[in-house]
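Every read-out reported here was derived from the displayed coordinates using simple, explicitly stated rules and does not represent laboratory data. Predicted, not measured: the structure shown is a model, and the values here were computed from it. Every residue, glycine among them, receives a Cβ derived from its backbone with ideal geometry; neighbour counts consider all protein chains shown.
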Amino acid sequence: MNSFTFSKSCLFLSFVTSALLLSGCEKKEEAPPQTHIVAVAPKMSVNEFIDEANKKLDVATLENNTAQWVYETFITDDSAIISAKSSERFLTTQKELLAQAREYQQTPMDPPTAKAYTNLTKGLDLLPPDKSEEISELAALGTKMSGIYGAAKYCKDEAAKDNAIKKASPDEKGEKNCRDLTALSEVMAKSRNYDELLDAWTGWHSISPQYRNDYARYIELANTGARAYGFSDLGASWRSGYDMPAADFEKDVERLWTQVEPLYKSLHCKIRSDLSKHYGADKVPLDKPIPAHLLGDMWSQQWGNVYKLVEPYPGIGSPDITGALVKQKKDAVAITKIAENFFVSLGLQSLPESFWQKSMLIKPRDRDVVCHASAWTMDAKMDVRIKQCIQPNEEEFLTIHHELGHVYYFLAYNNLPMLFQDGAHDGFHEAIGDTIMLSITPEYLKKVGLTDKVVSSEQATINQQMRMALEKIAFLPFGKLIDQWRWKVYSGEIKPEDYNKSWWQLRTQYQGIVAPVARSENDFDAGAKYHIAANVSYTRYFLAHILQFQFHKALCDAAGFKGPLYQCSIYDSKAAGEKLQKLLAAGASRPWQDTLESAIGTRQMDASAILDYFAPLSAWLDEQNKGKTCGW
Ligand code: X8Z
Ligand code: ZN
């Protein structure tokens, strides 16, 4: 991702995304204003400038990453100051580089230089405002919001909250009445009691209003930065990072959504009817959106935790990963090693020793940290790390594969210049670990000792597909809507006084869910999601959910697999590994369309592979939904 900035998270140390290859072809509205163009001849050639930018970014990124790592793994008032200061310095370096870059806007460039230039100037997650006091305020607000999010605890009563703040020991009374996101998420995952779920949901959503005003100010400042570089707002900068005109990119996102929307609606229909059976039609009416706290997840984004409630054929052949991890007493390191072993089986390298020494794989007992999982490359070489609060359950097991996907990407491109050290686009980076996840089939689990039997039957297939669809299909509208909201917030179409209303309009429109209790503009429900508080763009995950199936198909072909896509596991295939490694090693050195074409023979993101994968479930859902009123 474009981690030029402090406010990234899920992967660190990449600066770039891209847009049009040659600066001469840029879209008018995104070109920096003429007033900024310096009319004198640049001091150095554009190639020298790019070399210098690579060197400066190398130094600045290492310094910034260390500050952010310390902050996110040890949140205190002191580390917050260091983090904000470091972000401010980083933004200032970026400002200097971008000012210099303007001098080369009209300069002819060879393709690699043009790509590096694009990566330096397009698709950035944050852009520095001109005034130093605004940079400083922006940096401090970013740090503040991620810190509040990371350290937040919901306390049932205020006295408990005071105790939780005062007392250091987690065992003391106050802390027990206060629950952090990990504890609240556990309720969301495991409880099937309507009121208990409601308490956890409303509890977590009571945190974000405290930074609602900060968020509005952050948007103002971020837009000031974007406008200083000729973008209409920061959302336009985000959309400029895909090697195509931003308007075409928006159309592509719509095209992909149109392809998958019917399958989502079909899944929604069946899940709603199953939830209605469990909770009653008074709580889950059959023609209305689903209450947002009943889907096993704080944000209703992935629904795997309600699998047992909706299992098509109860008890048939669906391996219990959580059960196996617990039974076999797998700790965080052992779980990470299982994921590493997958990559190694493809012929990729083992993780460096420093990964094991420096990563944070469990939640420390004695301090606040940002538990939201992330992968880091500290020095753009071998110092790669993961920060995750791993527990022995299926969700964390899958997430560690996601994170290692980032880590293997970092390692594959670490010999490239800094401006090429990134994913082909941000959706590629998010798709790698998930592609591996698609190979976690029952047969694979048997090979690694996490299940003892594999059942082959139509019913077992449908169960397996349902399990996967609850993760992958359920996610799609959520993956799209977050930035639909944010793009409008950045453009000013959604005003601060409508933040919450517009958020729920989109949640209902796309996901078919509804807030479980009345909401108002005193709430800030979008801010209850990490990527909003931390300003991480989100369309990347939507794209990743489409791309990973395209990658899976290509890698299965390379592995010589002949059956249906959903049965394929590339585990142990060196041929698939070689193909994957080649894709990763290209980093952001070429437009993503070229990288995609070399890897899988097409220049387009396309949902046929995901639809093909889920063909059996799709047909089964159509059968099940006959006679039901679907939609909301
Ligand atoms: O944020 C993440 C990763 C880190 S890049 C854990 N994901 C999104 C989320 O949690 O909202 C992965 C899936 C979507
Ligand atoms: Zn990620």
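By per-residue mean of other Cβ atoms within 10 Å, what is the highest-first order of 276-289, 379-392?
Values: 276-289: 14.4, 379-392: 21.1.
The packing order, highest mean first, is 379-392, 276-289.
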- [ ] Report, in debye and to the nearest 20, how large the dipole of the chain comes out about its Cα centre when Lys and Arg carry +1 and Asp and Glu carry -1 on their Cβ.
- [x] 900 debye
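Given the -39500 (n - 2.57) contribution per DSSP H run of 4+ residues, what per-residue ellipticity at 222 nm results for the chain, rounded to the nearest 500 deg cm²/dmol?
Numbers: 26 runs with 347 residues, N = 632.
Calculated at 222 nm, the ellipticity per residue is -17500 deg cm²/dmol.
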TODO: Would you please put 499-512, 119-132 in order of how densely packed they are, using the mean number of other Cβ atoms within 10 angstrom per residue and starting with the highest?
DONE: 119-132, 499-512
Open item on the list: Along the charge dipole of the stretch 187-344, pointing to its positive end and built from +1/-1 on Cβ of Lys, Arg, Asp and Glu, which listed residue (TYR242, SER300, GLN210) has its Cα farthest out?
Closed with: SER300
Open item on the list: Counting only other residues whose beta carbon sits under 13 Å from that of PRO128, what net charge do I get with K and R as +1, D and E as -1?
Closed with: -3
Open item on the list: Taking 19 Å as the cut-off for C-alpha to C-alpha distance, list the pairs among LYS85/LYS131; LYS277/LYS626; LYS95/LYS144; LYS472/LYS553; LYS251/LYS488; LYS330/LYS363 that go past it.
Closed with: LYS95/LYS144
- [ ] Project the alpha carbons of the stretch 532-630 onto their principal axes and report the range along each, largest first, in whole Å.
- [x] 52, 43, 23
Task: For the chain, the Rg and Dmax computed from alpha carbons only, in angstrom - done: 23.7, 74
- [ ] Report, ordered by chain and residue number, the lysines lying within cross-link reach of LYS358, taken as a straight Cα distance under 17 Å and ignoring same-chain residues fewer than 8 apart.
- [x] LYS337, LYS381, LYS387
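When a/c is below 1.5 the answer is rounded, else prolate if a/b is larger than b/c, else oblate, so apply that to the stretch 283-335 with a ≥ b ≥ c taken from the square roots of the Cα gyration tensor eigenvalues. Spell out each step's value before the answer.
Details: a/c = 4.28, a/b = 1.81, b/c = 2.37.
It is oblate, given that a/c is not under 1.5 and a/b is not larger than b/c.
For the ranges 457-467, 227-237, 546-556, what's the packing order if you count other beta-carbon atoms within 10 Å of each residue, average per peptide, and put the highest first?
Details: 457-467: 19.4, 227-237: 22.5, 546-556: 24.8.
Ranking, from highest mean packing down: 546-556, 227-237, 457-467.
Quick one: order SER598, SER240, SER79, SER456 by neighbouring beta-carbon count within 10 Å, fewest to most.
Working: SER598 13, SER240 28, SER79 21, SER456 10.
So the residues, fewest neighbours to most, are SER456, SER598, SER79, SER240.
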